[in-house]
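A short write-up of the structure that comes next.
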Amino acid sequence: MPGIIIFEDDDQLRNSLVTLIGTSSEYTVIGSHPNVMNAPAIIRRDKPDVVIMDINMPGKSGIEGVVEIKEARPQTLIIMYTMFENDENLFNSLCAGANGYILKKTSPFKLFEAIRDVIEGGAPMSPTIARRVLQSFETKSSGQQYHLTTREKEILQLLIKGYSIKIIAAELKISFDTARTHLKNIYPKLHVNCGKEAIAKVLRERII
């Protein structure tokens, strides 16, 4: 059963998330903390599969915590859970290594979907965040060419929306293996190693 650690300075929200996730038969909360001051040691000790991360915390920001967690244990998946909708926090979170970005105003039960999606290889985002990202593509395209095929662009756009590989395959009516192969072809073209790096690069360079 995937283990989850929560970093959130709001005691009431943190306890609510522990209770909510604790009701699930799919996941288990193995830790909850009000800040990320000792995050690397916590991650190395508890080895969580997924971290739910606030951004604005005392002492050190959640974005700084993401960097340290990824250095301590790269395979740990991180979902930002924040009230911030601005491009800077979104971009900085993804560049730091976050695998998803969910707004607190979204239904807490969406966290279950986000956790499931991120474990399956997706990059979950709240709908409003996904729209902001896609709008930025439409208005600020850099025009730089990476020789992406039409299908690869379609897959990348769905990845940006937070879809898992399985959902991308269903949406495009292709097999799971075909969708995964397309993603593997996209990564070297963009000179990245995974989905969250691809999203960060598209954000930075307005590729699509």
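The values are calculated or read from the model by the stated rules, or taken from the named source; none is laboratory data. All values reported here derive from a predicted model rather than from experimental measurement. Here Cβ is always computed from backbone atoms with ideal geometry, including for glycine, and neighbour counts include all displayed protein chains.
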task = Report yes if Ile119 is surrounded by 15 or more Cβ atoms within 10 Å (Cβ to Cβ), in contact with a Lys or Arg (Cβ under 9 Å, 6 or more places away or on another chain), of a type in the set (A, V, I, L, M, F, W, C) and within 19 Å of Asn193 (Cα to Cα), otherwise no.
result = no
key: Residues that are farther than 21 Å from Met37 by Cα and either at pLDDT 95 or above or part of a strand (DSSP E or B) (or both), drawn from segment 52-100   = Gly100
ask   = Looking only at residues in segment 25-79 that are more than 18 Å from Leu94 (Cβ to Cβ) and of a type in the set (Asp, Glu), which one is surrounded by the fewest Cβ atoms within 10 Å (Cβ to Cβ)?
value = Glu26
ask   = Take the residues of segment 104-121 that are more than 22 Å from Glu68 (Cα to Cα) and not in a helix (DSSP H, G or I): which is modelled with the highest pLDDT?
value = Lys104
task = Being of a type outside the set (Lys, Arg), touching a residue at least 40 places away in the same chain (Cβ under 8 Å) and touching a Gly at 6+ places or on another chain (Cβ under 8 Å) is the filter; apply it to segment 30-56 and report the residue that is farthest from Leu111 (Cα to Cα).
result = Asp46
